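K.L.:
The structure is given below, and queries will be raised subsequently.
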Amino acid sequence: MAALPAAAAKTERLLNLVICLLYTRMPLTKARIRSAVPQYGETASVEAFDRMFERDKDELRDLGIPLVTEAVDPLFDDEPGYRIDRREYALPEIAFAPDELAVLGLASRAWQQASLAGPAAQALRKLEAAGVERDDASLIGIEPRLRTTEPAFDAIKDAVVRRQPVTFTYRTARSGDVRARHLQPWAMASWHGRWYVTGFDTDRDAPRVFRLSRIEGSVATDGRPGSYDVPPDHEPTAMIQTMAVERDPQPAVLRVRVGAGNSLRRRARTIGDVDDHWSLVDVDFTDAETFAEELAGFGPDVVVEQPPDLQEAVIRRLKGAMAEHEGEGR
């Protein structure tokens with residue numbers, strides 16, 4: 001796995017430290033912090049960790065994060081502990097304009113994908129294994145999600161880099177028909193929060209755009225690397241804007257477990273109580289495959305009641321995730 005750039009690695013380390021210190025009700029010793037945050041555990045010595053931790057503490061405080069030092073045991077003040085004062089860390093109630101809410105919505109999608117991935121989740125598991133008492137209230141907003149990003153991403157990315165033709169099965173947007181496609185991929189780009197691949201469709205002898213979330217099954221190579229040239233003036237985003245079809249919003253009816261699906265509740269048009277355990281949430285979506293990707297991430301906490309095509313798309317993804325998990329267990 002390629003190393004992160006220095007700035008990204010530092011950001012990830014600071015994020016993991018914040019999550020670690022928000023996790024606990026009691027202050028943590030430096031030894032526990034070093035064992036929980038993977039980047040600290042990779043330092044060459046205790047001295048190197050101490051220097052890194054001191055710099056990180058100062059940086060968090062410069063950012064306005066209320067990191068406090070307290071005695072771990074009131075009877076013995078020789079070993080300090082560290083935590084984040086949740087009362088000072090929490091924001092007061094804030095009202096946002098519609099355009100500001102839109103930007104925050106985009107940022108929250110990135111947070112859902114990255115906040116508890118990899119080292120951050122590992123840090124929390126280590127603290128839990130060490131018997132550290134968890135403060136659930138301080139981690140509110142970090143919602144457990146199954147990762148269901150497009151399985152085709154890596155294969156398509158590799159094909160673009162190698163200029164290698166591929167073939168895949170694709171579900172069309174309008175009719176839902178599933179067909180085999182043969183493509184010379186030119187580029188990948190994200191547009192309106194969705195990943196697309198542009199290229200030359202050899203079956204139709206014309207340039208085409210495909211959304212990665214509609215690719216089903218595996219992507220297979222269909223020729224030699226370097227067997228075609230990408231047009232020198234190709235602008236993938238411009239091509240996607242011209243050829244991608246955006247549908248009008250459609251209503252979905254979801255059964256959402258109480259205490260879960262907060263991002264869905266915020267976007268809902270109406271919310272009703274089914275019983276003490278479930279809510280009925282009415283929310284709009286524009287693309288069944290993309291929305292199914294989001295809903296599948298909630299696992300058993302969200303059940304699609306309507307429409308049938310969205311329900312089928314979520315079931316298809318959950319079955320695929322289960323099959324992949326069973327394959328890894330063999």
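The values are calculated or read from the model by the stated rules, or taken from the named source; none is laboratory data. Treat the numbers as computed from the prediction; the structure is a model and nothing was measured. In this analysis, Cβ positions are derived from the backbone assuming ideal geometry, glycine residues included, and neighbour counts consider all displayed protein chains. The accessibility values were calculated without ligands, DNA or RNA, using every heavy atom of the protein model including side chains. Shrake-Rupley method; radii C 1.70, N 1.55, O 1.52, S 1.80 Å.
K.L.:
Please give the peptides 48-55, 279-286 ranked by average Cβ packing (other Cβ atoms within 10 Å per residue), highest first, as a rough proxy for protection.
P.N.:
Highest-to-lowest ranking by the protection proxy: 279-286, 48-55.
K.L.:
Under 5 Å between amide hydrogens, which residues at least 5 positions from Ala187 or on another chain qualify, with H placed 1.01 Å from N in the peptide plane?
P.N.:
Thr198
K.L.:
Give me, ordered by chain and number, the residues 5 or more places off Glu216 or on other chains with an amide H under 5 Å from its own placed amide H.
P.N.:
Under 5 Å from the amide H of Glu216: Thr169, Tyr170, Arg171.
K.L.:
A further question follows. So what are the ³J(HN,Hα) numbers for segment 300-305, from phi and the Karplus equation (6.51, -1.76, 1.60; θ = phi - 60°), rounded to whole Hz, Gly and Pro as x?
P.N.:
In residue order, the calculated couplings are x, 7, 9, 10, 7, 8 Hz.
K.L.:
Over segment 152-246, what is the relative contact order in percent, taking alpha-carbon pairs closer than 8 angstrom and at least six residues apart?
P.N.:
33 percent
K.L.:
Okay, moving on. Between beta-carbons, use under 13 Å as the cut-off and find the net charge around Ala220, counting Lys and Arg +1, Asp and Glu -1.
P.N.:
-2
K.L.:
Moving to a separate point now. Can you list residues whose amide H is under 5 Å from Arg163's amide H, if they're 5+ apart or on another chain and H is modeled 1.01 Å from N?
P.N.:
Gly226
K.L.:
Would you mind telling me the share, in percent, of accessible area of segment 152-246 contributed by carbon and sulfur at probe 1.4 angstrom? Numbers along the way, then the final one.
P.N.:
Details: 2260 of 4890 Å².
With neighbouring chains kept in place, the figure for segment 152-246 is 46 percent.
K.L.:
On to the next question. When every alpha-carbon pair in segment 250-328 is counted, what percent end up more than 22 Å apart? Could the numbers behind the result be given before it?
P.N.:
Values: 654 of 3081 pairs.
That tail contains 21 percent of the Cα-Cα pairs.
K.L.:
Taking all protein chains as present, what is the carbon and sulfur share of the accessible area of segment 18-65, in % to the nearest whole number, probe 1.4 Å?
P.N.:
Carbon-and-sulfur percentage of accessible area, whole number: 51.
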